[in-house]
Every structure is written in C-alpha cells, then in structure tokens.
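Colleague: The following block contains the structure, expressed as structure tokens.
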Amino acid sequence: MRKHYIAGNWKMNLNKAQSLELAKALVKELKGKSNKYMIAAPFVYLDALAPVLKGSNILLGAQNMAATDNGAHTGEVSADMLKDIGVQSVILGHSERRHEIGESDSLINAKVKKALEKGLEVVLCIGELLEEREAGNAEKVCAAQLTEGLKGVSENQLKNVTIAYEPVWAIGTGKTATPDDAQAIHKFCRKHIEKMYGKAASEAVVIQYGGSMKASNAKELLAMEDIDGGLIGGASLAADTFVPICIL
Ligand code: PEP
C-alpha cells in the first residue's frame, strides 16, 4: 500500500496569528505520525510558517507559483523565492485557478516544469466540472489534464509529482464523490499514467482525492485501492477537523 499523503489547502483563509497557531498545533499533534503531510498556506504567511514547520514531518507548501524565473512579472512569486524561504511543495492547477482565474493546461504545464526544475515537489490538481461529468466526459477531461499537465515531465521528475483528483462539483460544496466513483477515476488516472510512463511509475505515483473530504468520509475514501491520500480544503482549517484525517 502506498503511504497516505494528506495535504491541507488553506486557500485564502486565516490571518497570520491563526495560521501560526494552527501550524504549531499540527506540528505537535502529528509528531511521530507516519503518513506524509503538507500544508499549503497563502504566500504572505509562508515566511513566518517556515521556522514553525522546520524539522517537523509537515511540508511547507504554496498554493501557486509563477511559470517564469525572477524578473519583470508584477505580482508574481517565483519558484526561487519560494525555495529561498523554505517552501518544499506547490499546488498547481487547482480548479479555483483553472476556473476562476482562467489558467490553461499549457500555463499549468509550464509551472509544473518550472517547479520541478527548481526542486519543488508538485501537487498537480485535475478534475472535471459537473457538466463534464454529466456528459460522460469525466475520464476524457482527466486524461487530457494529465497529458497536458505532465507534458515534458520525465519519469524521474514524476517521482516529485503527486496527482490530486478533485471533481470540481465536490470542492467546497459538501458533495463528495462516492468511494466507488472516486476509485474508478483514480484507477483510470493510474492507467493513463501507465500509458505515459510505464507500470512502475504508475504504481508508485500518489493520487490524492479532494472534494469535501472530512473525518466522517475520509476512512472509506482512503480505503480504496487507488486513493492514496487527500487534498483537503475546508477541513484543514482547524486541527480538530484535520488531524483525525491525518492519522487514519
Ligand atoms: C481543495 O481545496 O482542494 C478542496 C478539496 O476543498 P474542500 O475540501 O473544501 O472541498
């Protein structure tokens, strides 16, 4: 069984004091626990969080990153800047960036390649909209997002990529994919990665589920063969809702 990888995506929530308090609580409560953990905080709090997480078993993650190197790119934050303050991982292609900001597969792919080139781990989010699922196109959408998002990523680099399958209709809505529905797409994604990289790489790749995952449904989801972890939004905003998922 692949080790569970549980990541919290704080999105644009919490203030600085709350972020530090939550990070300190998580460090304490997850100490010695054997799953893999990451928290993705807003850019402005990453520098303050770095010393809190340093030496712990929780990776410091960002929620986005520029596709380019340092330079004249107003408002952007580079991989070098993230590395400089101790960030280890970055979420890319989150549906809120795809659908609210309009990030394209090719931009996401450029970010993925830049992050990997600079030595950051990547959580690459994929997932279909409700209308795409209802039209029977969930697999097609996920396959295209995988193919495009991983274009030019080598088999060796793939070791630093986690895939997060997040059906868009389940994010922040309280609607969760059933364990069987989620498993079916996870299995499909693993097969697709096998076509791209071969069996060994597909068996090793970690595929998280995301979409209203909480303590009450996480156990069933994480019990599925191809669900290796979770990317958690709402339930990651407090230790008492996040820790129970982390220690399953
Ligand atoms: C997410 O932020 O990726 C997410 C899955 O959010 P939520 O858990 O709130 O649905």
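The values are calculated or read from the model by the stated rules, or taken from the named source; none is laboratory data. Since we're looking at a predicted model, the values are computed, not measured. Glycine also receives a Cβ, built like all others from the backbone with ideal geometry; neighbour counts cover every protein chain displayed. All accessible areas refer to the heavy atoms of the entire protein, side chains included, with ligands and DNA or RNA removed. Shrake-Rupley method; radii C 1.70, N 1.55, O 1.52, S 1.80 Å.
Colleague: Between L221, L129, L82, which gets the highest mean-square fluctuation from a Gaussian network model of the chain, Cα cutoff 10 Å?
Modeller: Largest GNM mean-square fluctuation: L129.
Colleague: Is the range 59-102 best put as rounded, prolate or oblate by its Cα gyration tensor, with a ≥ b ≥ c the root eigenvalues, rounded for a/c under 1.5, and otherwise prolate when a/b is larger than b/c, oblate when not?
Modeller: Since a/c reaches 1.5 but b/c is at least a/b, the shape of the range 59-102 is classed as oblate.
Colleague: Please build a GNM for the chain, connecting alpha carbons under 10 Å apart, and tell me which residue among K199, K214, K151 fluctuates the most.
Modeller: The residue with the greatest mean-square fluctuation here is K199.
Colleague: At a 1.4 Å probe, what is the % contribution of carbon and sulfur to the accessible area of the chain?
Modeller: So the carbon and sulfur contribution to the accessible surface is 52 percent.
Colleague: Relative contact order for the range 111-172 using alpha-carbon pairs under 8 Å, separation at least 6, rounded to a whole percent?
Modeller: 50 percent
Colleague: Provide Rg over Rh for the range 200-248; use the alpha carbon set for both Rg and the Kirkwood Rh (inverse mean inverse pair distance). If you can, show how the numbers build up before the last one.
Modeller: Working: Rg = 11.3 Å, Rh = 11.2 Å.
So for the range 200-248, dividing Rg by the Kirkwood Rh gives 1.01.
Colleague: Could you check which residue among P51, P179, P167 shows the biggest mean-square fluctuation in a GNM of the chain with a 10 Å Cα cutoff?
Modeller: Among P51, P179, P167, the largest mean-square fluctuation in the Gaussian network model of the chain belongs to P51.
Colleague: Remind me, relative contact order of the range 47-134 in percent, using alpha carbon pairs under 8 angstrom and six or more residues apart?
Modeller: Taking the mean separation of contacting Cα pairs over the length of the range 47-134, I get 30 percent.
Colleague: Among the aspartates and glutamates, which have Cα under 12 Å from the Cα of K151 when same-chain residues fewer than 8 positions away are ignored?
Modeller: Correct list for K151: D105.
Colleague: Taking R0 as 35 Å, what FRET efficiency do you get between D47 and E100 from their Cβ-Cβ distance, rounded to the nearest 0.05?
Modeller: 0.85
Colleague: Keeping every protein chain present and rolling a 1.4 Å probe, give me the accessible area per residue for the chain in Å².
Modeller: Per residue, the chain has 45 Å² of solvent-accessible surface.
Colleague: Next question, about the same structure. Roughly how many nanometres apart are two label points built 7 Å out from the Cα toward the Cβ at T74 and K140?
Modeller: Each label point lies 7 Å from its Cα, and together they span 4.1 nm.
Colleague: Which whole-number percent gives the relative contact order of the chain, counting Cα pairs below 8 Å spaced six or more residues apart?
Modeller: On the way: 477 pairs, mean separation 53.4, N = 248.
Relative contact order comes out at 22 percent.
Colleague: Where does the chain land at 222 nm, in deg cm²/dmol rounded to the nearest 500, when only DSSP H runs of n ≥ 4 count, each adding -39500 (n - 2.57), divided by all residues?
Modeller: Value at 222 nm, helices only, nearest 500: -12500 deg cm²/dmol.
Colleague: Does the range 18-150 come out rounded, prolate or oblate, given a ≥ b ≥ c as the square roots of the eigenvalues of its C-alpha gyration tensor, rounded meaning a/c under 1.5 and, failing that, prolate meaning a/b above b/c?
Modeller: Taking the square roots of the gyration eigenvalues as a ≥ b ≥ c, the range 18-150 is oblate.
Colleague: Determine which lysines satisfy two conditions relative to K175: a Cα distance under 25 Å, and not lying fewer than 8 residues away in the same chain.
Modeller: K11, K140, K187, K214, K219
Colleague: Which distance in nm do the two modelled labels at T147 and E225 give, with both placed 7 Å along the Cα-to-Cβ direction?
Modeller: According to this spin-label approximation, the distance is 2.5 nm.
Colleague: Let me see the pair-distance distribution of the range 178-229: every alpha carbon pair, 10 Å bin width, integer percents in order.
Modeller: Result, from short to long distances: 27, 51, 20, 2 percent.
Colleague: Next question, about the same structure. Ratio of the chain's C-alpha Rg to 2.2 N^0.38 Å, to two decimals?
Modeller: Output field value: 0.94.
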